[in-house]
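The values are calculated or read from the model by the stated rules, or taken from the named source; none is laboratory data. Just so it is clear, the structure is predicted and the values come from calculations on it, not from any experiment. In this analysis, Cβ positions are derived from the backbone assuming ideal geometry, glycine residues included, and neighbour counts consider all displayed protein chains. For accessibility, only protein heavy atoms count, side chains too; no ligands or nucleic acids. Shrake-Rupley method; radii C 1.70, N 1.55, O 1.52, S 1.80 Å.
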Amino acid sequence: MSNRLANLKLAITQAGPLRLGVTLLVLIGALLIARYSWNLPLALSAERGLYDVRVDLTAARVDQDDRVVLVVFTEETLTATGKRSPLDRTMLARALTNIDALGPRAIGVDILIDQPQPEDPVLKSALLAMKTPTFFGFSPNAENGEFVMPWQEAHMRAFFGSVASAPVRMANIRLDVDSDNAWRQWPNPTRQPPGLLVNRITGLGSYTDYLGSAIFRKPQFADRPVFASLPVDLFGNAETAAALKDAIAGKIVLIGADLPEADRFITPFSRLSGATTPGVELHAILIAQALDGTRQTPIPAAVLWGLALLAVLLGAVTGGFDLGVRLLGPLVIAEVALLGGLPYALQNGGYDTYGLPCAGLGVGWLLALMAASTTARLVGADQRKFAQGALGKYLPRDVAQQILRNPEMLSLNGERRPVFALFSDIEGFTSMCQSQPPEIVAATLNEYLDTMSEVVLKHGGTLDKFVADAVIAFWGAPIARPDDAARALACAVEMSQAGERFCHAEGERPKMGRTRVGLHWGDVVVGNFGGEGRIQYTALGDSMNVAARLEGANKSLKTAALISLEAAEQMGLDRFRAMGRVRVRGRDKPIEVFEPLGAGGAVADPVSAGLYAAFDRGETGALDGLKARAAAAPGDKALAYLVTRLEQVGPGGIYDLD
């Protein structure tokens, strides 16, 4: 994690003022969107939709409310009375009289008596006889001028003034909707009497100035709605009404219309179900909330700013880090789940999330992610362009690209790993340096090292360093591959063969000695031991020393390349010819060595291989056969010298090198 933070800090430093300025402007825009998305026309619809879904999914499921009952005019009522608009007031008068006799707590009428009708004397007579507190719907012209004309308001005031001796009063039945015609919140407090129906009918003053979202509930059972709803027709007859005493006594009764084309509202539940709700039921929702005394907790502006800042920071940090897909995918999913789920958790926890950005948080997070990742990619491209030149000089292209994607692979911490270590050197190079002008030596050495570097990188090796004419390389770090053994062997053979070209003078280039190669397999400590300011990835340990000793042993054994048994066994012994056992300087344990076929004069010779194996088992007569094979190949100095050594040390013997 510390390395990633360091990389992020470095990227910010290298981004430059112009890039940082543009990125900062985008981040500020993302922050404003995340905070004020409810005020943006393009985002408002999405925010309302997500709010509706939150309300729907988190609404409490309850049994039927026994405090409020609805008595409604239905299509069947209109058919029976033969009157559609305004609603039949004779039926209303009878229902009021019969309901009043059943002892309700209060009656609310969600119907405007805003124009004279022939039945008015009947209704007025019923109202004068009422004993139950009754509140009739009222809507002033000042608040609803589009639908209530001044003369209609005057009629309502005069009509209910004429029954002032009865417990019948007016109540404001305004229900404020949003610009999408959906009802989600409590109506604004009235500017003049009478007060809202919910406050007048409950007698509670604590909600007079309340502003907040309505609390919606769902039925616990499909056949028992939250509020019982009875057709008004049942109360047109006293005997029928009497049978419903238990459904009415002690309850708040709301009388209104439940018609398909009139006084219906879109609510948060409409978003998923498509169904609308009659206005009289919305009044019941407010009354039930007031009776419960519940209020959703408003979310302070400081918290909204904090959430917006959190979304932008998450996006910016995630985009700024150079994360792989394996880590980035789960992290993005977790952040989206957090930002998307938080509003739902708050809604479910009793907070009022009307006005809480949800889509805005997502858009702000995405913009921040894109801005930071774009800046990081641009800076990363510059870094990679620079680093590819450096890494590509000592690492294969595919390995360099992996390290660029994951710089921790070149961490400062050393680690122990098995590698194939290779050393190469030029025979007689010191003498050549003394006999040639410096510029010729430099040009020749550069050409030689370029050639050998290309061979190493071609076969996927890691170039450790050059020490004068010596080339040091290894396979197995920083990235190990299943075919590292085959790659290392092919490289050793090709380096030996490529060195042959330099054994002949060409133009100003002088003749050079033979290239000798040593290759061993074993554990080393690899890591960046040069500090963070300079990449110096190298390998340390006895295995590197053994490879160097094997390279030097070529001079004594007259070979072009020597491979230890530890390495050869992994490469396939059929690709080598045995060169006996030697003990190198500084190491007591003998090393069984092999020369790869194709290097120097080594060719496949099953007969010689069989004779060597027989002699090594103790069949001394096999040595004569080996002498004959060596005599038949006078140019193979390595084979001739092997025979000489075997004569000296005997079967299974060890040849000590100086």
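Worth pointing out:
- Scan of segment 136-161 for residues that are part of a loop (DSSP other than H, G, I, E, B) and either in contact (Cβ under 8 Å) with a residue 12 or more places away in the chain or of a type in the set (D, E, K, R) (or both), ordered by number: S139, P140, N141, A142, E143, N144, E146, V148
- Any hit, segment 475-494, residues being more than 46 Å from the chain's Cα centre (by Cα), assigned to a loop (DSSP other than H, G, I, E, B), on the phi < 0 side of the Ramachandran plot and buried (at least 18 other Cβ atoms within 10 Å of the Cβ): no
- Within segment 100-129, considering residues that are open to solvent by less than 10 Å² (accessible area, probe 1.4 Å) and in contact with a strand residue (DSSP E or B) (Cβ under 6 Å, 6 or more places away or on another chain), the one nearest to G161 (Cα to Cα): L127
- Flag for R19 being part of a helix (DSSP H, G or I) and either of a type in the set (V, I, T) or in contact with a Phe, Trp or Tyr (Cβ under 8 Å, 6 or more places away or on another chain) (or both): no
- Answer from R487, R481 - the residue that is within 28 Å of L597 (Cα to Cα) and in contact with a His (Cβ under 7 Å, 6 or more places away or on another chain): R487
- Residues in segment 1-32 that are of a type in the set (S, T, Y) and within 23 Å of the chain's Cα centre (by Cα) were compared, and the one that is modelled with the highest pLDDT is T23.
- Any pair with Cβ under 8 angstrom, 6 or more apart, that starts in segment 466-484 at a residue that is without any contact (Cβ under 8 Å) to a residue 60 or more places away in the chain and farther than 15 Å from F429 by Cβ and ends at one that is among the polar types (S, T, N, Q) and part of a strand (DSSP E or B): A473/T462; W475/T462
- Scanning segment 33-79 for residues being open to solvent by 60 Å² or more (accessible area, probe 1.4 Å), at pLDDT 95 or above and among the aliphatic types (A, V, I, L, M) gives a total of 1.
- Test: residue in segment 408-431 that is modelled with pLDDT of 60 or more, hydroxyl-bearing (S, T, Y), more than 49 Å from the chain's Cα centre (by Cα) and open to solvent by less than 60 Å² (accessible area, probe 1.4 Å): no
- One residue alone among I285, I255, I215 is modelled with pLDDT of 95 or more and assigned to a helix (DSSP H, G or I), and that residue is I285.
- Residue count for segment 80-99 satisfying the condition of being under 60 Å from the mean Cα position of the chain (by Cα) and surrounded by fewer than 20 Cβ atoms within 10 Å (Cβ to Cβ): 3.
- Residues (assigned to a strand (DSSP E or B), open to solvent by 40 Å² or more (accessible area, probe 1.4 Å) and touching a helix residue (DSSP H, G or I) at 6+ places or on another chain (Cβ under 6 Å)) located in segment 556-606: E592
- I201 being outside any loop (DSSP other than H, G, I, E, B), of a type outside the set (D, E, K, R) and buried (at least 18 other Cβ atoms within 10 Å of the Cβ): yes
- Exclusive hit being touching a residue at least 60 places away in the same chain (Cβ under 8 Å), in a helix (DSSP H, G or I) and of a type in the set (A, V, I, L, M), set L463, L457, L445, L422: L457
- For segment 342-355, filtered to residues that are free of Cβ contacts under 8 Å to residues at least 60 places away in the same chain and in a loop (DSSP other than H, G, I, E, B), the residue that is most open to solvent (accessible area, probe 1.4 Å) is G349.
- Condition check for A302: modelled with pLDDT of 95 or more, part of a helix (DSSP H, G or I) and touching a Ser or Thr at 6+ places or on another chain (Cβ under 6 Å): no
- A164 in a loop (DSSP other than H, G, I, E, B) and either closer than 23 Å to P116 by Cα or touching a Pro at 6+ places or on another chain (Cβ under 6 Å) (or both): yes
- Matching residues in segment 305-319 - criterion: being open to solvent by less than 20 Å² (accessible area, probe 1.4 Å) and either hydroxyl-bearing (S, T, Y) or closer than 21 Å to G355 by Cβ (or both): A308, A311, V312, T318
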